[in-house]
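Encoded as structure tokens, the structure appears first; notes follow it.
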Amino acid sequence: MQIIKSPKMMQRICQGLKREGKIIGFVPTMGYLHEGHLSLIRIAKRRSDVLVVSIFVNPTQFGPKEDFARYPRDFKRDRFLLEREDCDFVFVPRVKDMYPSGYLTYVNVDKITGKLEGAIRPGHFKGVTTVVAKLFNIVQPDVAVFGQKDAQQAVVLKKMVDDLNYGVKMIVAPTVREKDGLAQSSRNMYLSEEERKQAKVLYQSLQEAKKLIKMGEKSSNKIISRMRDVIKKQPLAEVDYIAITDAQTLEFLNKLKGEVLISLAVRFGKARLIDNIKLKVD
Ligand code: PAF
């Protein structure tokens, strides 16, 4: 496994691989890897000749009051895990090489970035699309794998890939969960012992929504209100939002129909957790 820091060097290597006709599989990450990342990495590995994983805590996707500085980092451990997955290249650029002084260019997907996470974290998706566009230009992947846990991110990035004619096959892989249903996330490490116990409520509220829908409930208000009741039982939980939207356009739905995304963000002290399920409703 080779560790590459320079964007120019990474790009040169990938250009060479493309000339040799190799299929490049790519998983962009911010490091502090967990089973969720490893599941994406295994999918990319199966679908490619050469696997590239990037580790870059991208400053442009964090708001001024967000957790960029304290976002967990552990490169030694990440390197060990990636070696075990038989990763070919780890791309670990420095901030000053990705955004040199005088940097001015950003990629922005309109409309769908202003809802849900985007409404609460203004500018977040502009940072995500900018860094992923840059990473795609450097790595030139044939296949890129993202997680369903960041459902809106996956929709936004698919739109960017279509609109900007990136010839990248986008795969969105299922969320990996702990035994009690909590979605795996690097941010789970912010949870205290008691918060961690209560954090399973995100999944429980989604399961409650699923149960209601199976019983024929189609009213978003009723489903959301039941989800709030479930979450209220955990005193440390503070709901940021619960939303029921079309899974592709992310338009809010009053009545459930078609492919539906139920997503939520809940705060526990310093940790802000997100989760979602996608369902087909007749
Ligand atoms: O999902 C993430 O970890 C990040 O948003 C990504 C896609 C690596 C871009 O920084």
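Read-outs throughout are calculated quantities, based only on the coordinates presented, and are distinct from any laboratory measurement. Please read these numbers as outputs of a predicted model, since none were measured by experiment. No Cβ is skipped: glycine too gets one built from the backbone with ideal geometry, and neighbour counts run over all protein chains shown.
A compact table of results
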| quantity | calculated |
| --- | --- |
| Helix-only [θ]222 nm of the chain, DSSP H runs n ≥ 4, -39500 (n - 2.57) each, per residue, nearest 500 | -11000 deg cm²/dmol |
| Furthest towards positive pole of dipole, Leu157, Gly118, Met9, structure part the chain, Cβ charges | Gly118 |
| At 1.002 mPa s and 20 °C, Stokes diffusion of the stretch 134-253 via Kirkwood alpha-carbon radius, µm² per second | 129 µm²/s |
| Which listed pairs, of Lys76/Lys200; Lys5/Lys179; Lys211/Lys232; Lys111/Lys158, have C-alpha distances above 26 Å, in listed order | Lys76/Lys200; Lys5/Lys179 |
| Whether the stretch 47-187 is rounded, prolate or oblate, judged on the alpha carbon gyration tensor where a/c under 1.5 counts as rounded | rounded |
| Integer Hz, Karplus 6.51/-1.76/1.60 couplings in order for the stretch 166-175, x for Gly and Pro | 6, x, 10, 7, 9, 10, 10, 9, x, 5 |
| Translational D in µm²/s for the stretch 37-87 (Stokes-Einstein at 4 °C, 1.567 mPa s, Kirkwood Rh from C-alpha pairs) | 102 µm²/s |
| Rounded Å value of the spacing that divides the Cα centres of the stretch 32-89 and the stretch 192-233 | 30 Å |
| Per-pair calculated FRET efficiency, R0 = 25 Å: Arg73 and Arg46 via Cβ, rounded to 0.05 | 0.35 |
| Three principal axis lengths of the stretch 1-61 [C-alpha, angstrom, descending] | 32, 27, 21 |
| Distance histogram for the chain (every C-alpha pair counted, 10 angstrom bins, percent rounded to whole numbers) | 6, 27, 35, 22, 8, 1 |
| Amide H partners (placed H, <5 Å) of Asp74, local residues excluded | Tyr32 |
| Extension gain from Lys111 to Asn165, taking 0.36 nm per residue of separation minus the Cα-Cα distance | 17.6 nm |
| Whole-number percent relative contact order across the chain, with pairs defined as alpha carbons under 8 Å at least 6 apart | 17 percent |
| Charged-residue dipole, Cβ positions (Lys, Arg, Asp, Glu), the stretch 103-209 about Cα centre, Debye nearest 20 | 100 debye |
